[in-house]
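Working notes, structure below.
The values are calculated or read from the model by the stated rules, or taken from the named source; none is laboratory data. Source: prediction; values computed, not measured. Cβ: placed from backbone, ideal geometry, glycine included. Neighbour counts: every protein chain shown.
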């Protein structure tokens with residue numbers, strides 16, 4: 001049963017950094033819009049990550065348009081500092097974020113989009129999907145075949161070593177999440193890490209590098225490694241995981257982490273490795289990434305693999321539908337705080353303006369009134 005219908009120019013789905021960035025641009029344009037977010041509080045997606053998580057970019061590059069990141073500009077913010085910043089950003093800009101709203105369907109009715117969440121619905125001229133890249137945790141099928149006595153967590157559920165039982169820990173995946181979590185658990189548990197390391201550039205998140213080296217990286221990540229040139233397109237095809245920034249494999253070895261080959265199967269309820277050995281472990285942490293899930297969008301906007309058919313976030317086959325915050329939407333840094341501002345400005349400039357015809361239709365559907373959410 002539908003409880004209420006609101007009529008706005010634009011619905012933004014997702015109240016993380018991507019949704020807030022486009023929200024600030026829409027507010028500058030004077031549009032009537034609403035931001036819908038499933039979390040209880042702005043920034044909760046960051047608060048729920050593991051306790052020791054820090055950004056790999058300095059605060060000087062982590063601010064969204066209109067509000068610099070506070071504090072030491074050469075420091076690397078913690079996840080709780082990011083969460084607080086996002087909450088402050090929404091408040092400073094007066095953004096209309098509706099928390100605790102999980103969208104279950106987006107479809108078209110006539111010339112308008114209809115976004116529904118439980119018994120509530122919004123009709124709009126435009127929809128921006130800003131749910132980001134961390135949507136559905138990805139865990140390999142072999143997880144179901146591990147012994148029932150092994151505690152299993154995805155990196156999205158890991159907070160600190162106190163969650164883990166006594167005994168060895170296997171971290172699966174040698175990306176940034178896996179390396180950071182293995183470094184965290186080895187302080188209290190024998191720790192193994194399995195997988196093939198991603199690239200390891202000879203740069204660490206230090207104050208000196210934040211001052212002199214990171215500006216170069218930022219330029220490359222925003223202006224060189226883009227979908228607009230062959231170098232960027234080749235990078236997309238070649239690199240499927242981000243390079244190790246804060247913790248290198250040598251750091252893990254130095255702190256006592258045992259690096260083992262990739263997991264290829266299960267033997268007697270235990271993870272089996274590519275070299276024929278198996279791990280006698282009491283817990284496994286799957287640092288195996290996430291997958292997109294857009295099945296709730298009932299629109300012809302996706303290819304055979306379920307990926308959006310878009311150019312820089314604009315879906316030409318469905319006018320009025322946009323994506324923001326996806327990995328490599330346009331550049332290497334598109335899904336990060338340093339890159340979201342530019343992508344948000346690009347979309348806002350290309351978003352369909354409200355028309356007199358559309359406004360009249362909305363007023364008629366609303367019984368002569370137009371609800372404007374600001």
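Can you name the residue in segment 279-295 that is farther than 25 Å from residue 162 by Cβ and buried (at least 17 other Cβ atoms within 10 Å of the Cβ) and is also nearest to the chain's Cα centre (by Cα) among such residues? Filtering segment 279-295 for residues that are farther than 25 Å from residue 162 by Cβ and buried (at least 17 other Cβ atoms within 10 Å of the Cβ), the one nearest to the chain's Cα centre (by Cα) comes out as 292. Scanning segment 264-295 for residues that are assigned to a strand (DSSP E or B) and touching a helix residue (DSSP H, G or I) at 6+ places or on another chain (Cβ under 7 Å) yields 265, 266, 285, 286. Within segment 72-115, the set of residues being in a strand (DSSP E or B) and either touching a residue at least 24 places away in the same chain (Cβ under 8 Å) or over 18 Å from residue 14 (Cβ atoms) (or both) comprises 78, 97, 98, 105, 106, 107, 108, 109, 112, 113, 115.
Out of everything in segment 296-317 that is in contact with a strand residue (DSSP E or B) (Cβ under 8 Å, 6 or more places away or on another chain) and in a loop (DSSP other than H, G, I, E, B), what residue ends up being nearest to residue 147 (Cα to Cα)? It comes out as 296.
Here residue 333 fulfils each of the conditions (1) surrounded by 15 or more Cβ atoms within 10 Å (Cβ to Cβ); (2) touching a strand residue (DSSP E or B) at 6+ places or on another chain (Cβ under 9 Å); (3) part of a loop (DSSP other than H, G, I, E, B) apart from (2). Tell me, yes or no, whether segment 355-367 has at least one residue that is modelled with pLDDT under 95, outside any loop (DSSP other than H, G, I, E, B), under 21 Å from residue 226 (Cβ atoms) and assigned by TED's automatic domain parsing to the domain that holds residue 103. No - not one qualifying residue is present in segment 355-367.
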